[in-house]
Amino acid sequence: MTESLGTAQQPFIHATPEALEQFRTLLRDPANAGRAVRLGVRGGGCSGFSYVLDFDEERPGDHRFEIEGVTFLMDRKSVIYLKNIRVHFEGGLKGRGFVFSNPNARNTCGCGDSFSI
């Protein structure tokens with residue numbers, strides 16, 4: 001059973017229009033059919049935790065979030081660390097791809113791929 005957190009007025013995940021468009025493009029790939037965007041954390045990285053971003057199928061206990069037609073999944077552990085996270089996409093020649101802004105992080109590494117609480 002999935003659980004939903006957040007509401008339309010107070011979403012749990014914030015995604016910029018650029019990120020949503022990129023997710024939609026990637027989800028149209030036949031290899032990602034029936035999948036959603038998994039956002040999570042794992043131990044590691046230079047600051048203690050690393051972000052996980054992947055396409056995955058829903059699992060028991062997942063929290064499910066819908067933003068403008070894009071489904072996000074998050075496991076219970078990750079919910080604690082990623083409340084109100086903002087996901088942006090920076091494209092172009094010097095773009096960095098998906099960029100995270102985590103209000104729960106006390107420290108973030110220089111590359112932005114890991115954080116500590």
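Read-outs: derived from the displayed coordinates by stated rules, not from any lab. Because the structure is predicted, anything quoted here is derived from the model rather than measured. Cβ sites come from the backbone with ideal geometry, for glycine too, and all protein chains shown count toward neighbours.
A few comments on the model shown:
- Student exercise, the range 13-116 dipole from Lys, Arg, Asp, Glu Cβ charges, in Debye to nearest 20: 340
- Contour excess over end-to-end distance, with Cα ends at ASP54 and ALA33 and 0.36 nm allotted per residue: 6.2 nm
- With each label modelled as a point 7 angstrom along the Cα→C-beta vector, the THR71-GLU90 pair spans 3.1 nm.
- Amide H contacts for ILE85 (H built 1.01 Å from N in the peptide plane; partners 5 or more residues away or on another chain; cut-off under 5 Å): HIS14.
- Fraction in percent of alpha-carbon pairs per bin - 10 Å, the range 13-116: 15, 48, 33, 4
- Toward the positive end of the charge dipole of the range 13-116, with +1 on the Cβ of Lys and Arg and -1 on the Cβ of Asp and Glu, the farthest Cα among GLY97, PRO30, SER50 is that of SER50.
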